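Asker: What follows is a structure written as structure tokens; I'll ask about it next.
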Amino acid sequence: SHWCVSPHPPATMPDTGDQIATAFATKLAGLNATSQSIETLSHWCVFHRKRAKSLVPVWQKELRSAPGKRKLSFLYLANDVLQNSRKKGPEWIEALWPKMEWGMKHVIRGVSDTKTKESCAKLVKVWQERRIFGSRSLGGWLDAGADAGEDAADAAVAADAAPAPAPMVARRKEERLSVIPAALTGAHAALAKALEAVTKAICVLVAAEKTCATDLTSDLFADGFVENAPDPEHAKRKLQAAESALSKRREALEETVRLRQEAASLAKEVANALETAAKTESDALEESTGVVVQIATLRMKATRVAAAAMAVAAAREAGGTNKSKPGLESVPVVAAVAPPAAVPMEEEYVPEGDEYVPEEVVAEDGAAAPAPDLAALLAESAANPEVLAQALAALPEEQREVFEAQLREAGVM
């Protein structure tokens with residue numbers, strides 16, 4: 001297949017809940033244990049915190065289906081989101097709370113190495129000490145014994161993802177396929193037809209069993225039934241009916257045996273083909289994880305470059321407005337668009353117990369600190385989202401709103 005790239009970018013469409021959920025699932029598929037991967041997705045989650053309630057089931061579903069070696073990354077992501085979003089609102093804390101005990105036990109049950117279990121214990125300790133969930137108790141979260149309660153929790157997750165069962169009447173109707181769906185071809189269509197034939201043969205067998213139960217009675221085998229019958233003709237008709245019922249039952253049994261064996265053979269063929277295809281696609285999915293990370297890294301670089309260009313434009317506009325204020329003179333364009341430093345090698349994400357909390361800068365006499373250098377902040381913000389927030393805060397309100405709208409359109413915020 002060939003990748004087709006349109007020369008014209010598609011029109012910007014408003015994000016819907018389904019689109020955001022799908023995007024979240026895609027991002028989770030590329031999640032790994034590096035700081036860049038976890039913190040980048042964490043910032044995205046904090047930005048979409050108003051949709052936390054609808055995104056948590058996606059996180060839970062993807063965690064449940066993730067390979068064992070990737071499950072801990074989902075807890076690291078939850079930790080980063082919980083600690084960074086609580087200053088902005090309780091949406092993620094309230095949405096994750098009902099699922100976190102299950103998630104912790106699910107990860108512990110899914111791995112056997114001591115390092116992962118120690119990491120889980122450290123997360124629980126940090127959440128308790130920092131009272132991430134307030135006064136709620138986290139007792140028993142690390143007790144991941146396979147008991148009925150936890151099995152029921154896993155079953156509940158599976159049930160959430162499974163479609164609701166069809167009504168009995170609808171199921172019975174679907175069991176008899178008068179027309180094979182066009183989507184089924186080859187062995188799949190043959191298996192569907194074979195299963196339909198088995199269902200019909202079973203109905204015939206059930207009817208034959210009922211006839212046998214009526215006509216093949218125990219009195220026919222009693223000693224002297226024929227010799228001592230008061231009406232020999234009636235005895236003959238009873239025996240003929242029993243013989244006919246038994247013959248039909250045998251025919252029905254032979255047919256169901258034949259059809260079941262045929263369906264079983266086709267089912268094995270289909271199952272083998274599905275397992276082979278699933279293995280191939282699973283390998284392809286695992287291989288694509290690295291590509292997802294590479295694309296995400298390139299997108300982040302492109303975002304920084306776009307932010308730098310926008311920062312330069314905003315700095316030029318602010319230069320004329322804010323020259324009367326000390327410390328807000330514009331800086332040369334070259335300084336604002338200086339090439340970024342080499343990206344260091346990615347390190348494994350290590351959740352820390354001490355959370356960074358920015359503090360307001362106050363002068364020694366209690367007065368507010370002098371206004372920041374707006375142009376310098378905008379230049380530095382190209383590589384640092386926190387500096388970008390400081391630069392936005394220094395802009396006049398009207399100009400800040402316009403600049404924030406441009407950043408959102410560019411995907412920076």
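Asker: What does the charge count around Lys69 come to, taking other residues whose C-beta lies under 12 Å from its C-beta (Lys +1, Arg +1, Asp -1, Glu -1)?
Answerer: Values: positive: Arg70, Lys71, Lys115; negative: Asp113, Glu286.
Around Lys69, the charge tally is +1.
Asker: I've got another one for you. How large is ³J(HN,Hα) for each residue in region 92-99, as worked out from phi by the Karplus curve 6.51 cos²θ - 1.76 cosθ + 1.60 (θ = phi - 60°), to whole Hz, x for Gly and Pro?
Answerer: 6, 5, 5, 6, 7, 3, x, 10
Asker: Using 0.36 nm per residue, how much length does the chain from Glu269 to Glu317 gain when fully extended, once their Cα-Cα distance is taken away?
Answerer: Length gained between Glu269 and Glu317: 10.3 nm.
Asker: Setting aside same-chain residues fewer than 8 positions from Lys115, which lysines have a Cα under 16 Å from its Cα?
Answerer: Lys69, Lys71, Lys105, Lys125
Asker: Can you check what the net charge comes to around Glu227, using other residues whose Cβ is under 15 Å from the Cβ of Glu227 (Lys, Arg +1; Asp, Glu -1)? Spell out each step's value before the answer.
Answerer: Details: positive: Lys236, Lys238; negative: Asp219, Asp223, Asp231, Glu233.
Around Glu227, the surrounding residues sum to -2.
Asker: Rounded, prolate or oblate: pick one for region 79-120, where a ≥ b ≥ c are the square roots of the eigenvalues of its C-alpha gyration tensor, a/c under 1.5 means rounded, and failing that, prolate if a/b is larger than b/c, else oblate.
Answerer: oblate
Asker: Now, a different point. Pop a pseudo-label 7 angstrom from the Cα along the beta-carbon direction at both Ser247 and Arg131 and give the gap in nm to one decimal.
Answerer: The two pseudo-label positions are separated by 8.8 nm.
Asker: Once you wrap a convex hull around the alpha carbon atoms of region 175-283, what is its projected area averaged over all directions, in nm²?
Answerer: Numbers: hull surface 38.6 nm².
Averaged projected hull area, Cα only: 9.6 nm².
Asker: On to the next question. Roughly how many nanometres apart are two label points built 7 Å out from the Cα toward the Cβ at Val305 and Lys69?
Answerer: Between Val305 and Lys69, the label points sit 3.3 nm apart.
Asker: Report the local net charge at Cys45: Lys and Arg +1, Asp and Glu -1, summed over other residues whose C-beta lies under 12 Å from its C-beta.
Answerer: Cβ neighbours under 12 Å give a net charge of +2.
Asker: Same structure again: Given R₀ = 22 Å, FRET efficiency for Glu209-Glu233 by Cβ-Cβ distance, to 0.05?
Answerer: After rounding to 0.05, the efficiency reads 0.20.
Asker: Kindly sort Asp223, Asp231 by accessible area of their heavy atoms, largest first, with the probe set to 1.4 Å.
Answerer: Descending accessible area places them as Asp223, Asp231.
Asker: Counting only residues 5 or more places away or on other chains, whose amide H sits under 5 Å from the amide H of Thr34 once H atoms are built in the peptide plane?
Answerer: Amide H neighbours of Thr34: Tyr349.
Asker: Let me ask something additional. Does region 16-104 classify as rounded, prolate or oblate by the C-alpha gyration tensor (a ≥ b ≥ c root eigenvalues; a/c under 1.5 gives rounded; else a/b over b/c gives prolate, otherwise oblate)?
Answerer: rounded
Asker: Show me, for region 70-86, the HN-Hα J-couplings you get by feeding each phi into the Karplus relation (A = 6.51, B = -1.76, C = 1.60, θ = phi - 60°), rounded to Hz, glycine and proline as x.
Answerer: Those phi angles translate into 9, 5, 4, 4, 5, 5, 4, 4, 4, 4, 5, 5, 4, 6, 8, 9, 5 Hz.
The values are calculated or read from the model by the stated rules, or taken from the named source; none is laboratory data. Nothing here was measured: the structure is a model prediction, and the numbers come from that model. Cβ sites come from the backbone with ideal geometry, for glycine too, and all protein chains shown count toward neighbours. For the accessible areas, the whole protein counts, side chains as well, though only heavy atoms, and no ligand, DNA or RNA atoms are used. Shrake-Rupley method; radii C 1.70, N 1.55, O 1.52, S 1.80 Å.
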